[in-house]
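The values are calculated or read from the model by the stated rules, or taken from the named source; none is laboratory data. Quick caveat: nothing in here was measured; it's all calculated off a predicted structure. Reconstructed Cβ throughout: ideal geometry from the backbone, glycine too, with neighbour counts over all protein chains shown.
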Amino acid sequence: MKKIKIIILTLLFSSSFILSNAQCYKFTVNEVAPLLDDFILNGRYISLPMTEGEQILICKTISKGFTYRFIVKSKPELPDAVIRITEWNGEEIYNNKNHNLNQIFDYENKETQKVKIYVRIPKKNKVSKNGCLSLILGLKISG
């Protein structure tokens, strides 16, 4: 009987995670992807449930000769996401805190390099809220 309860609890937790990921996927496809405009999706995106105060780090290689569009957007129940992009050595390329938490940043890359992308949901409420966060990277040939 105890094993059955554990199995049921495990299934409930995993199914709620799958449902929340499905909701985040729909949010990304319907509300965030259209912001790419004439940029092409690079084939990857991040769409995940997050809580106020959480931060993620993504390491990415970006290639010379492309203009990249970084889009970070959270659902309305969360505060606007903070995105900070640095070169591998830590030199800052962009921080949307300096640009009214703008959700879109276009960057013409001059050399192939590794970058670090930090995304944080600020903590605004005493009781942390949950919601979806999407990060999409689009590209087009520069020039």
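A compact table of results
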| item | result |
| --- | --- |
| Residue within the stretch 117-127 that is without any contact (Cβ under 8 Å) to a residue 60 or more places away in the chain and surrounded by fewer than 16 Cβ atoms within 10 Å (Cβ to Cβ) present | yes |
| Selection from the stretch 88-126 of residues that are under 19 Å from GLY138 (Cα atoms), of a type in the set (Lys, Arg) and modelled with pLDDT under 95 | LYS110 |
| Selected residue (criterion: farthest from the chain's Cα centre (by Cα)) from residues of the stretch 30-52 that are surrounded by fewer than 14 Cβ atoms within 10 Å (Cβ to Cβ) and part of a loop (DSSP other than H, G, I, E, B) | ASP38 |
| Residue satisfying all of: in the stretch 72-116; of a type in the set (Lys, Arg) and in contact with an Asp or Glu (Cβ under 9 Å, 6 or more places away or on another chain); surrounded by the fewest Cβ atoms within 10 Å (Cβ to Cβ) among these | LYS114 |
| Every residue from the stretch 104-138 that is under 16 Å from ILE56 (Cα atoms), touching a Leu at 6+ places or on another chain (Cβ under 8 Å) and in a loop (DSSP other than H, G, I, E, B) | ILE121 |
| Conditions (1) touching an Asp or Glu at 6+ places or on another chain (Cβ under 6 Å); (2) of a type outside the set (Gly, Ala, Ser); (3) under 14 Å from ILE46 (Cβ atoms); number of the one not met by LYS64 | (3) |
| Residues located in the stretch 128-143, provided they are surrounded by 13 or more Cβ atoms within 10 Å (Cβ to Cβ) and either aliphatic (A, V, I, L, M) or in contact with a helix residue (DSSP H, G or I) (Cβ under 7 Å, 6 or more places away or on another chain) (or both) | CYS132, LEU133, SER134, LEU135, ILE136, LEU137, GLY138, LEU139 |
| Candidate set from the stretch 67-103 (those that are touching a helix residue (DSSP H, G or I) at 6+ places or on another chain (Cβ under 7 Å) and assigned to a strand (DSSP E or B)); member that is nearest to PRO34 (Cα to Cα) | ILE71 |
